[in-house]
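Report on the following structure.
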């Protein structure tokens, strides 16, 4: 069996990009709506197709699509991925919009004064945690292609009074930063959404300073068979674009990264607890000094 | 104004997504002192000194999508 380079044979690049953008745009809008509602136990949160598992109402049964985009469920997940100190002071909207599968800043060992780039910054949660760690002398760039997410991230930032984070609309495959301008690149469950992962790693490598480091959490397929589902909507939910870990790591090596390390795998299941041959993996790597 | 300097400093680093050339900032509207986003360039234009491509800043967000993608999105009404 031949492995498709990017799982893209059955789904075009444009279809993937559109599905990803719509999926995350809707997620951001839903969080913005939720911000005006108190999500009390046993009450519908008010969002269309609300899929809150804890809602309790019969006509509010969880469904896969809504559960994947609805705020409170994501807030709960964020609280399991991040530790209490990291979440302190963050707006609930930043947690509710969080779609990550890991906690890259926990491994990045960020130091005061460093410059950090977050690929696919979403509602901004990882940027805000990074901003706290690099301090006033450091800076953080959040790059995202979804306008609704960027608007949410900026609202969160201004509510927090953070001044060392800049959010930029752009593509992971065409990073709008100069060569060797970033100490650390982080990314939380986003590179799997890209139909051109080679370009993402090439660009991440380019913007890193010599000795710079990459810390990503991402969804990867455990065997060469790839993910169980590869349609556009599965791409948007981080399954379709999850490629075989060997292929993914080989792309990083090809881009120039060294000391590539993977840890911690959390298996992804479908709604019936059937494994999708996909797992959340933390990957770290260096650009040689 | 410290916040303003920080924000302009952040903007000064970003580069053209196409040729990676330096961008020159022209700010049309800056959030006033005392606002939560004080010093943020709300509206403006970033122009690449190397390839002359222009990138808009609207609502405080610099749009640095490659131009063909930006135009495709505009055509799609996003």
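Structure data summary
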quantity	calculated
Test: residue in region A:215-224 that is assigned to a strand (DSSP E or B), at the interface with chain B (Cβ under 10 Å from one of its Cβ atoms), in contact (Cβ under 8 Å) with a residue 12 or more places away in the chain and in contact with a helix residue (DSSP H, G or I) (Cβ under 6 Å, 6 or more places away or on another chain)	no
Single unsatisfied condition, residue A:198 versus (1) within 14 Å of chain B (Cβ to nearest Cβ); (2) modelled with pLDDT of 90 or more; (3) in a helix (DSSP H, G or I); (4) out of contact with any strand residue (DSSP E or B) (no Cβ under 7 Å at 6 or more places or on another chain)	(1)
Qualifying residues in region A:251-273 (those that are touching a strand residue (DSSP E or B) at 6+ places or on another chain (Cβ under 6 Å) and not in a strand (DSSP E or B)) - the one farthest from residue A:198 (Cα to Cα)	A:270
Members of region A:154-184 found to be more than 9 Å from chain B (Cβ to nearest Cβ), in contact with a strand residue (DSSP E or B) (Cβ under 9 Å, 6 or more places away or on another chain) and within 23 Å of residue A:28 (Cβ to Cβ), listed by number	A:162, A:172
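The values are calculated or read from the model by the stated rules, or taken from the named source; none is laboratory data. Since this is a predicted model, take the numbers as computed values, not measurements. All Cβ positions, glycine included, derive from the backbone under ideal geometry; neighbour counts span all protein chains shown.
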